[in-house]
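Comments concern the structure below.
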Amino acid sequence: MSSAAKAYLQLGEPKYRAALVNACAFLERQRYASGGFGPDEQFVQPGEGALYDSLARTKDHFETPCGSYAGLKLARYLLRFTGEARYGDGLERLLYNALLAAKHPDSDGDYPYYSTYGVHAVKEFYPHKWPCCSGTLVQGVADYVLNLYFHAPEAVYVNLFAPSEVTWSAHGTAVRLIQETDYPAGDLTTLRVASASPSTFALHLRVPGWLRDSPQIAVNGRTLRAKAKPGTFAAVKRTWSRGDRLEMRLPQGFRTEAIDELHPRTVALLRGPVLYAALDSGSLAAAAPSVTATALTPVGAAREVYVQNRSGQQTVFVPFYTVKDQPYSIYLQQT
C-alpha cells in the first residue's frame, strides 16, 4: 500500500489512490477496538464472527509494531490525499491503543510482537530476540511527529492533540504554533500563535467522529458560533496575531463497541479515543468481566482510572496503554 501511495504521488493515476481507499475500508471492517487487525497475522472474513472466535482460539491477535507502522502510514497518506478527518480518527485509535500500548522492550533484544485481547491476558515479549517488530517499533515511534500536523496552502491541519510546536511560513512570515493539552486525560486543548507579525491563515481542527456533538471552540476567550460536525475538520480562518489563543474542548464520555454484529454483548470500553482494560481482581473466572458504561466512577483528579462497584465486587478500568505487567481483559460482557 505504501508503494501504491508513492505511485500515486509520482504518476497521479486514480487507481493507486482507489487501492488505498479500498484497503483501508477492508481493514476497518475487520479490526478490533484497538484499531489492530489480523489474528495470527491473517485477514478474516467480515460478518462471520471470526474476531469473536479468535478471542478464545489464539492470543496472537495483532502484530502490533509492524501492523501499527503500516496502518499509521496508510492513514497518513489518506489524510494527505483526501483531507477526510475519519482517517485521522483511525490513526489516533491505532496510535494510542496499539503502538503506545505495546510492552516496552528491554536492552537485550526482547521486544513486543503480538497484542492479546482475550480474557485474563498479559503483555508478553516475542519468544525470539530481535524480531521484525523491533525495527518497526523504532520506526513507528520516530514517526510520531509526522502524525500531528498537515500543511495546505494558507492552512494548517491539526490532526492530533498533544503538547507540541510546529513552525511554517505563511505569506513569507514565520509562524509558530504551540499546542498545550493534557488530552486524552482532559478535554481541553489550547493552541497559541507566536509570529513576528500578523498573518492570515486557517486552522483546521480535527473533530473526532466519536464526539457526540459539536466541540466548544473559542478564540481569545470568545466562543465561536460555527458548527463543527463530528468526523470533519473545523476551520477557523482569521488574521492571527502574536499571543492569540484558540481553545477547543472535546467532551469525552464512555461508550462500548461490540466485537462484531453477531456478538453485540461482547464489547470493548472506550473513552474518547482511548481503549480501556479491566484489571484482574484476583478472581480468574472463565467468563469475561462485565461492564456498564454508565456505572463508572473516576478515581482521583487525573480522570484516567475508573472503578465499577457491583454486588460487592469492584472492577478497576485503566487506559490500555498504561497497563504494564498486570493481567487484564479487553473484551467484556455488557450489562
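Read-outs throughout are calculated quantities, based only on the coordinates presented, and are distinct from any laboratory measurement. Source: prediction; values computed, not measured. Counting neighbours? That spans all protein chains shown, and the Cβs are built from the backbone with ideal geometry, glycine included.
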At R0 = 35 Å, FRET efficiency that the Cβ-Cβ distance of ARG29 and ASP182 yields, to 0.05: 0.55
Placed amide H near VAL207: partners under 5 Å, 5+ positions off or other chain: GLY231, THR232, PHE233, ALA234
Between THR190 and ALA56, the FRET efficiency computed from the C-beta separation at R0 = 51 Å comes out, to the nearest 0.05, as 0.65
With an 8 Å cut-off on Cα pairs and a minimum separation of 6 or more residues, tell me the relative contact order of region 230-301 in percent. 21
In whole angstrom, how far apart do the alpha carbon centroids of region 183-201 and region 61-84 sit? 26
Charge dipole of region 154-258 built from unit charges on the beta carbon (Lys, Arg +1; Asp, Glu -1), centred at mean Cα; most positive-end Cα among ALA162, GLY221, ALA185 is GLY221
Is there a quick way to get the dipole size of the chain? I mean about its Cα centre, with the Cβ of Lys and Arg at +1 and of Asp and Glu at -1; what is the value in debye to the nearest 20? 1260
Any chance you could list P(r) for region 108-208, counting all Cα-Cα pairs in 10 angstrom bins from zero, rounded to whole %? 13, 31, 24, 19, 11, 2
What does the charge count near TYR16 come to, summing +1 for each Lys or Arg and -1 for each Asp or Glu among other residues with Cβ under 14 Å from its Cβ? +3
Karplus (6.51, -1.76, 1.60) ³J(HN,Hα), θ = phi - 60°, over region 158-170, in Hz, Gly and Pro reported as x: 9, 8, 10, 10, 7, x, 6, 9, 9, 10, 8, 10, 10
Taking region 243-335, which trypsin sites (Lys or Arg not before Pro) meet the DSSP loop condition and have no more than 13 other C-beta atoms within 10 Å? ARG265, LYS324
Residues with amide H under 5 Å of GLY36's amide H, sequence separation 5 or more or different chain, H placed in the peptide plane at 1.01 Å from N; which? none
Any lysines whose Cα falls less than 28 Å from that of LYS324, other than same-chain ones fewer than 8 residues away, would be LYS59, LYS73, LYS103, LYS123, LYS129
Nearest 10 degrees, 0 to 90: what angle lies between the long axis of helix 64-82 and the longest principal axis of the chain (Cα atoms)? 30
Using only the alpha-carbon atoms, how far is helix 14-28 inclined from the longest principal axis of the chain? Give it as 0 to 90 degrees, nearest 10. 40
In deg cm²/dmol, rounded to the nearest 500, the helical mean residue ellipticity at 222 nm of the chain, built from -39500 (n - 2.57) for every DSSP H run of length 4 or more, is -7000 deg cm²/dmol
What's the FRET efficiency of THR82 with ALA226 using the Cβ-Cβ distance as r and R₀ = 22 Å, to the nearest 0.05? 0.50
Can you list the residues, at least 5 places off or on another chain, whose amide H is less than 5 Å from the amide H of ASP244, using H built in the peptide plane? VAL193
Please build a GNM for the chain, connecting alpha carbons under 10 Å apart, and tell me which residue among GLN42, GLN139, GLN313 fluctuates the most. GLN313
Environment charge of SER54, counting only residues whose C-beta is closer than 10 Å and scoring Lys/Arg +1, Asp/Glu -1: -1
Considering only C-alpha atoms, what is the centroid distance from region 288-335 to region 160-178, in Å? 38
What full-extension length gain, to one decimal in nm, is calculated for ASN22 and GLN42 as 0.36 nm per residue of separation minus the Cα-Cα distance? 5.4 nm
Rounded tilt (10° steps) of 85-94 against the dominant C-alpha axis of the chain: 40
Using alpha carbons only, how many angstrom separate the centre of region 216-267 from the centre of region 1-43? 26
